1. With a cut-off of 8 Å between alpha carbons and a minimum separation of six or more residues, what is the relative contact order of the stretch A:47-114 in percent?
2. Identify all lysines with a Cα-Cα distance to B:LYS243 below 26 Å; exclude those on the same chain that are fewer than 8 residues away in sequence.
3. By counting other Cβ atoms within 10 Å of each Cβ, how are B:ILE152, B:ILE186, B:ILE134 ranked from fewest to most?
4. Roughly how many debye, to the nearest 20, is the charge dipole of chain B about its Cα centre, given +1 on each Lys and Arg Cβ, -1 on each Asp and Glu Cβ, and no other charges?
5. With a cut-off of 8 Å between alpha carbons and a minimum separation of six or more residues, what is the relative contact order of the stretch B:143-245 in percent?
6. Using a Gaussian network for chain B with springs between C-alpha atoms less than 10 Å apart, which of these wobbles most: B:GLN120, B:GLN79, B:GLN128?
7. What 222 nm value per residue comes from the helices of chain B, counting each DSSP H run with n ≥ 4 as -39,500 (n - 2.57) and dividing by all residues, nearest 500 deg cm²/dmol?
8. Shape call for chain B from the C-alpha gyration tensor, a ≥ b ≥ c root eigenvalues: rounded (a/c under 1.5), prolate (a/b greater than b/c) or oblate?
Amino acid sequence: MDLGEFITCHLTIRQQIHFWIWKTEPLNKLVCIMMQIRYNGAVLNLDDTQLASQVAQGDERAFLTLYDRYASHVYALTMRIFRDANLAEEATQDTFLKLWSRARLFRAERGSLLPWLLTIARRTALDRLRLEGRRPTLSTADDPEELWQTIPDASTLPDEARWRSMHLAVQSLSPEHRQLLELAYYQGLTHTEIAETLNWPLGTVKTRLRAAMEQLRREWGEL
Amino acid sequence: MTQDQIDDIFRENIPAYALDALDVEDARAVKSHLQTCASCRTELAEYRALSETLLMMTPPKTPPAALRRRLQGQLPSAQKRSSPRFVWSFNQLALGLTLIILLALNVSSYLQIRALQKQQVQLASQLQNGQAAIAMLAYPDTESLLIKADNISGTLLVDKSRNIAMILVWNLPQLDSTQTYQAWLIDPQGKRTDAGIFRSQPSQPYTSATIFSANDLTNFVGIGVTIEPSAGSPQPTGQRVFKVDF
Ligand SMILES: [Zn+2]
């Protein structure tokens, strides 16, 4: 069959499905070629905000694209909180299911998607931790100090400059200050709980945690 | 205490508030203070930006592949797949309709083409016959004889030097598929020799058939046509349609 003599028209449906219609000579027959451009390919080019709004409309492929982009960050954070692969997996799954059902609540003007997602992940994990009545053990094989030292891969993060300066700011803290941040932020402990865990006076915990945060802010702002 | 001193107390707690590390009572107090104090809200926004960035500081860790599959299994499309209910989305419907229309267009154009091709072949053969007939008429040795029978009239062109004869008849009735017209060459003894079968053409008011004889046409005295079974017969068995003497 002689194709390509006449391209009569080219239809595109939702930028995904393309039709080319040829009129062949001399048979005067219409030949229709349908091509579906790999949706994933198209989705991969979208930014987080576009993907989130697609997810809000129930687009599963956009959702899975976001999963592929950020599951490793969510999983890392929940592993840091639980230090248990099963619990971390469950919390990662719950976090993404929340992304699926709450994507319409994401407001791009208030910040990027990853911090929003990680905030959900942190809350989800800490709620579970509280539910299980678990308290952090300080003598763990997984050294939180190590987590602070490791430099994340820049290419996987959206605001590279932001976290790079934060990484340096964290390095400027004393190990004691980093431990306080770990307990407060990643283990979800309150002032009183930290005081109990470390056997410190409550006032000392308050002062030092505040000092740690103030120093972090100062260093981060200067960088 | 002055307003500034009160504010200082709350302000001290803002960093811990941004980390969700305040005890319940303190957190509640800060929360209500934030309602009325813009400068503490600004302070909190800065510490929130800090704590959000802290969340991204954990080095990424790839979760097991099974997790992605599990998650996919919880999406509506996977749920739908497990139940027999199938809902067409508007897009699928539009796509389906488009495909059906295109398919129908293709099929109908194909059928049209088939019909046209058939017609073309018929026309071509008739044109050929017509041209042959004109050529025969123009040939000096061609005899033109009248065909006359009930309701049927036509011409028999005989070219004895090249042993070609052509029958051109009008109003030849159409036969059903079990029957055919068969031409016979008649010799002086009345013996019939098969000269081929032909059918009337439904799309044309006249029928033409060409007879190429293996024997010398001068050995024959006429041509007859009978109706025979569709495969033809070795000797005439059916009704005579017409007979022409040379
Ligand atoms: Zn205030």
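1. Contact order relative to length: 42 percent.
2. Within the straight-line limit of under 26 Å, B:LYS243 reaches these lysines: B:LYS148, B:LYS160, B:LYS191.
3. With the fewest neighbours first, B:ILE152, B:ILE186, B:ILE134 line up as B:ILE134, B:ILE152, B:ILE186.
4. My answer is approximately 980 debye.
5. Worked out over the stretch B:143-245, it gives 29 percent.
6. It is B:GLN79.
7. Calculated from helices alone, the mean residue ellipticity at 222 nm is -15500 deg cm²/dmol.
8. prolate
Only the coordinates and a few stated rules stand behind these numbers; no lab work does. Small disclaimer: the values here were computed from a predicted structure and weren't measured. As a convention, Cβ positions derive from the backbone with ideal geometry for all residues, glycine included, and neighbour counts pool all protein chains shown.
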